[in-house]
Structures are given as structure tokens and as C-alpha cells.
Amino acid sequence: SYVDSSFDYYRFTDIISKEDNEFRLKLRAWLEKEVQPTINDYVERAEFPEEYIPKIRETQVFHYLVDQPFGKGKSILTQGVMAAELSRIDAGLGTFAIVQAGLLTATIDQLGNENQRQKYVPLLRDLQLTGGWGLTENKFGSDATSLQTTVQKTEGGWLLNGDKTWIGNGNRDIMVVWARNVENNKIQGFIVDLKAKGVRSEVLKHKLALRIVQNCQITFTNVFIPEENMLSKATDFQKGTAKILLHSRLMVCWLVAGICMGVYDNVIKYISNRKQFGVPISSFQLQQEKLARIMSNTQAILLFAHRISQMYDNKKITLGQVALAKAFCTERAREVARLGREMLGGNGIIFDNYVMKAFADIEALYTYEGTYDINSLVGGRELTGVAAFKVPK
Ligand code: FAD
């Protein structure tokens, strides 16, 4: 016999309520039965699995990924655990969920007015409406606060001009766009209809990580945004955008935990069955040392995700605390994926065994929501009191 579930080994099941854990187990069983057998065909074709949308809606997992009162999300801890389960099967599916729930929906929920919340959040929760969240531009990635997409007041609303890139789900219904107000130079958030006149969106091709996620290059040419789509609490980068980045970076730690769980759970099964030199390869010391490293890293990531979630739920957490966790978790997960891939020998490069997917996908998570370097610097700024983003002149 062997330990087949890394989430259960240190009883992480105890950190959520019995009822939520029952939902988690139902979700895991559903994902293994309905998604696992077909997802890799979509991964291979780099295609988003549209057929899953009505089925995912039925599971109601998005109700858990959205805060109350519109969703069932009782805490970010519960939300994180559910997101990890999606990522354990495919980090692209986990990323789709976090863009939809942790970025787009959370922005409207936290920074929108009552009308916007009532209009959009239930539709987003039920996946009747799907979409993305746009901060990154062609010329401004890490240096996001320098972004150059602009909004200008016009009769009844605003005119939007500029570009966004890497936008996950940017070919769907709506997105949140962060743009500079030409009058006061502040960065503001808007809900933009992706079918509006002047919006041109193209899916980025040749991506070797998170293959089912449709990342888009989008240009806005004199796009009219009605006044009612301006997010009234999103009128400043530090108070608006940064608040959402804290939330979504925290959720990335859970996606990373899910990737590591997927690696361990697949590896243990494989090495227990595969025989060489007349014995299961799990009997070899070198395999056990690597497996121990995978398990320990996975638990460290889960502990980090757990602790920052508790702090978030207690409303006592800083940008630096989350940034350090995001940097650490993604960096450790790179080792987990590498070891897992290596332990499966030749079969380690086949999608079906998960580890090669993890190996490629973790590179995207290491980079999005702020690279490892940038998150280390956000943490470093808080630890030292000195910002080190710019080379001194
Ligand atoms: P750059 O900023 O050009 O950085 C290149 C390198 O320079 C990196 O190694 C970086 O760490 C380093 N570097 C930069 N500045 C510094 C510094 N001051 N000190 C030290 N090193 C530095 N964005 C969105 O808005 N919405 C999305 O939905 C979205 N989804 C994404 C999905 C994927 C798969 C990917 C890969 C990206 C996505 N992004 C999205 C964009 C992502 O947030 C950026 O890629 C990321 O912030 C890094 O920006 P960049 O790629 O322009 O790299």
C-alpha cells in the first residue's frame, strides 16, 4: 500500500468544514471521471474545451469560487482548495477559473457598485457570461504602473484606446480593462464588452504552457464605454488594481499547490506499478529521495497557501506577504515538476501522465501575476523599506 493523496497526507482535509470537504471529494471524483479522460486532447490541440462549460456549471464549483452573497465562497481558504482540485487535473482549467472568478468576477464584486454587482456577478458565477482581465500591454509587463492604454471622457461615457496582451479568456464576452485617465493620469478599471465596435482580439498562437487557455492580443480603437461600466471603486492603481492582484496572487498559490498535488498523485501511482530490475521502481532509494522532496515541497506550498488564506480571511495581510508566498510557491513547484517528470522516465514526457504538462505549465504560473523576480522585489520592498525596481540613475 502507498499514500495516494498528497492533500490527505498531512490531513489538509481538516482545514475546511466537513460539508466543504464533501463537495471537494465530489468535485475530484467528477473531474477524474468527466475531465481527465478527454482534457489532454484539448491540450494537444491548444483548444478551449467548450463542452465542459455546461457541465462545470452543473457542478456549481464556481459558486464556491465566488464570495458570498452571490456565491457560496465562505472564505478564500475554501475557494483556494477548490481551485487546487481543478489545477490537479489541468492547470489550464485552474487558470481559466481564476481569471473568471479570482480576477474578473472579484474585480466587479469588490470594486463595482451595487448595480454592477447585481447585473454581472450572478451571470459570471453561473458561466452565462465569461471573460478576462487586462492589465499587461505590449510595452508594459512587469512595469504595469506605466501602462499607456487611455480613457477619455466623452458624452455618456468614455473612449478607450490602446492595447492589451496575454489576456486569458480575451476572446469571450467581457473583460475588465485597466486604463489611464488622460485627465488625472490615474489608472482606472472598466467593464468592456468584447463584442463592442473598435475591439479587435486575436488568440496568441504557439504557446507551450497552459495550452487550453486562450490568451489574446487585443487592440482598442475609439471603443465607447458607457458611464455605467466604469468601476467606481477602481480609480487608482494602489487602491484598486493592487487590491485585486493581492487576491489573485493568493489564488495562484493554490493553483500551484494543485499542480504539485497532481504531480505527486500521478507519480506515486506510476512508480508503484512500473517494474525494473524485477521490482517496482518505488523500491529504489533514488526514487524515494525524489518522492520525499516532491511531498515535502507540496506540503510547504499547501502550508503557505493555508496561512496566507487565514490571514486574508482575517483581513490582516499585506501585498508583500502574498508576493513572497507567490514567489516561493512557484519556485518550489518548478522543482516538483522537474523531479516528477524525471521519475517517470520516457513516459514522463507524455501529456497523459500529467508531469510534462506540469513541467510546462508551472513556467507560466512562475511568470504571470508578476514574475518570480517582481514578487521577490515586492516582498523585498516591504522587508527593507526600499523599492529596488528601478536601476538608480
Ligand atoms: P517583462 O516585464 O518584459 O520581464 C522580462 C524579464 O525581466 C522577467 O524575467 C522579469 O522578472 C525581469 N524584470 C522585469 N523588470 C524587472 C525588475 N525591475 N527587476 C528585476 N527583473 C525584472 N496579463 C494580464 O493582464 N491578464 C492576463 O490574463 C494574463 N495572463 C497571462 C497568462 C500567461 C500564460 C502569461 C505568460 C502571462 C499572462 N499575463 C497576463 C501577463 C503577465 O502578467 C506578464 O507576462 C508578467 O507580468 C511579466 O511581464 P512580461 O511578460 O512583459 O515580462
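The values are calculated or read from the model by the stated rules, or taken from the named source; none is laboratory data. Only a predicted model underlies this, so the values are computations on that prediction, with no experimental measurement involved. Because the Cβ atoms are built from the backbone with ideal geometry, glycine has one as well, and the counts that use them run over all protein chains shown. We work out accessible area using only protein heavy atoms, side chains counted, and drop any ligands, DNA or RNA first. Shrake-Rupley method; radii C 1.70, N 1.55, O 1.52, S 1.80 Å.
Computed from Cα positions, the angle between helix 241-273 and the longest principal axis of the chain comes to roughly 20 degrees. Cα-based radius of gyration for the stretch 254-393, normalised by 2.2 N^0.38 Å, reads 1.23. Rolling a 1.4 angstrom probe over the protein heavy atoms with all chains in place gives the stretch 76-139 an accessible area of 23 Å² per residue. When you work out D = kT/(6 pi eta Rh) for the stretch 193-239 at 25 °C and 0.890 mPa s, using the Kirkwood radius from C-alpha pairs as Rh and the Stokes-Einstein form, the result is 183 µm²/s. Calculated FRET efficiency, Glu342 to Asp126, Cβ-Cβ distance, R0 = 35 Å: about 0.25 to the nearest 0.05. Under 12 Å between alpha carbons, and skipping anything fewer than 8 positions from Lys164 in its own chain: which aspartates and glutamates qualify? The qualifying aspartates and glutamates are Glu137, Glu202. In this structure, Thr13 and Gln36 have a Cβ-Cβ separation that, at R0 = 25 Å, corresponds to a calculated FRET efficiency of about 0.75.
Label-to-label distance, Asn184 versus Leu25, with points set 7 angstrom from Cα along the beta-carbon direction: 5.2 nm. Once every Cα of the stretch 1-158 carries one equal point scatterer and solvent is ignored, give the base-10 log of I(q)/I(0) from the Debye formula at q = 0.10, 0.11, 0.12, 0.18 Å⁻¹, two decimals. At q = 0.10, 0.11, 0.12, 0.18 Å⁻¹ the computed log10 ratios are -0.45, -0.54, -0.63, -1.18. Across the chain the C-alpha pair distances fall into 10 Å bins from zero in the proportions 5, 24, 33, 25, 10, 3, 1, 0 percent.
Over the chain, DSSP H runs of length four or greater, each weighted -39,500 (n - 2.57), average out per residue to a 222 nm ellipticity of -15500 deg cm²/dmol.
Only residues of the stretch 83-110 count here: report those whose backbone N is under 13 Å from the spot 7 Å along Cα→Cβ of Phe351, or say none. Within reach of a label on Phe351, which here means backbone N under 13 Å from a point 7 Å along Cα→Cβ, the stretch 83-110 contributes 90-93. Please determine, in degrees from 0 to 90 and to the nearest 10, the orientation of helix 355-367 with respect to the longest principal axis defined by the Cα atoms of the chain, where the helix direction is its Cα long axis. Compared with the principal axis, the helix lies near 30 degrees.
Compared with the dominant Cα axis of the chain, that is its longest principal axis, helix 372-384 is turned about 80°. Average projection, convex hull of the Cα set of the stretch 1-87: 6.9 square nanometres. Under the simplified labelling scheme, the Gln152-Gln310 pair shows an inter-label distance of 5.3 nm, with each label point 7 Å from Cα along Cα→Cβ. Considered as an equivalent ellipsoid built on the Cα gyration tensor, the stretch 189-270 has semi-axes of 34, 21, 9 Å, the largest given first.
Treating r as the C-beta distance of Val391 and Thr221 and R0 as 45 Å, the FRET efficiency rounds to 0.85. Distance cut-off 23 Å, Cα to Cα: go down the list Lys72/Lys119; Lys186/Lys243; Lys74/Lys186; Lys205/Lys243; Lys72/Lys326; Lys239/Lys326 and report the pairs above it. Distance filter (> 23 Å) returns Lys74/Lys186; Lys205/Lys243; Lys72/Lys326. Here the stretch 179-335 is treated as a sphere whose radius is the Kirkwood value from Cα pairs; by Stokes-Einstein at 10 °C and 1.306 mPa s it diffuses with a coefficient of 81 µm²/s.
Take every Cα pair under 8 Å in the chain that's 6+ residues apart, average their separations, divide by the length, and report that relative contact order as a whole percent. Intermediate values should be presented prior to the final figure.
Details: 702 pairs, mean separation 64.8, N = 393.
Normalised by residue count, the contact order of the chain is 16 percent.
At a 1.4 Å probe, what is the % contribution of carbon and sulfur to the accessible area of the stretch 278-393? Carbon and sulfur atoms account for 59 percent of the accessible area of the stretch 278-393. For His306, the accessible area of its heavy atoms, probed at 1.4 Å with every protein chain present, is near 40 square angstrom. Shown for the stretch 324-393 is the translational diffusion coefficient from the Stokes-Einstein equation, using the Kirkwood radius over Cα pairs, a temperature of 10 °C and a viscosity of 1.306 mPa s: 118 µm²/s.
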